[in-house]
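The structure appears below as structure tokens.
The values are calculated or read from the model by the stated rules, or taken from the named source; none is laboratory data. Only a predicted model underlies this, so the values are computations on that prediction, with no experimental measurement involved. Heads up, the Cβs are rebuilt from the backbone with ideal geometry, glycines too, and the neighbour counts pull from every protein chain shown.
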Amino acid sequence: MKKKLQGFVMIGALFSLLGVILTFSSVSLGSSMADSWLASRGGADTAYYHLMVKSYINAFLVAGGIMLVFGLMLTSLAAFKLMNIMEG
């Protein structure tokens, strides 16, 4: 049981780290995805390109936020349960 909970703590920490990375690099990732979209299309209106950049950035922000919250919840709940096992 203790090994499983330690595994959950590690997985939660990994999700948290990945969420932080996605959140802080969302601008560069979103811009590169929009550039790739523009290259595959061959060109687009400036306003439409700007909309795509904002959409990709928001997508990475949301994904990073979800992963961060999930990782923090998983880590904190597993750590709390692990502390209860250690005390008892």
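Looking only at region 1-54, which residues are in a helix (DSSP H, G or I) and of a type in the set (S, T, N, Q)?
GLN6, SER16, THR23, SER26, SER28, SER31, SER32, SER36, SER40, THR46
Regarding PHE80, is this residue of a type in the set (Phe, Trp, Tyr), in a helix (DSSP H, G or I) and buried (at least 18 other Cβ atoms within 10 Å of the Cβ)?
On the way: of a type in the set (Phe, Trp, Tyr): yes; in a helix (DSSP H, G or I): yes; buried (at least 18 other Cβ atoms within 10 Å of the Cβ): no.
Criteria not met by PHE80.
Can you name the residue in region 11-31 that is surrounded by 13 or more Cβ atoms within 10 Å (Cβ to Cβ) and out of contact with any Gly (no Cβ under 9 Å at 6 or more places or on another chain) and, of all such residues, is farthest from ILE66 (Cα to Cα)?
Here the answer is SER31.
Identify, by number, the condition in (1) exposed (fewer than 13 other Cβ atoms within 10 Å of the Cβ); (2) at pLDDT 95 or above that ARG41 doesn't meet.
(2)
Taking the condition of being small (Gly, Ala, Ser) and more than 20 Å from the chain's Cα centre (by Cα), how many residues in region 18-71 meet it?
Qualifying residue count, region 18-71: 7.
Can you tell me which of ALA59, ALA63 is at negative phi, assigned to a helix (DSSP H, G or I) and either out of contact with any Leu (no Cβ under 8 Å at 6 or more places or on another chain) or among the acidic types (Asp, Glu) (or both)? Can you show your working first?
Working: ALA63 fails: either out of contact with any Leu (no Cβ under 8 Å at 6 or more places or on another chain) or among the acidic types (Asp, Glu) (or both).
From the options ALA59, ALA63, the qualifying one is ALA59.
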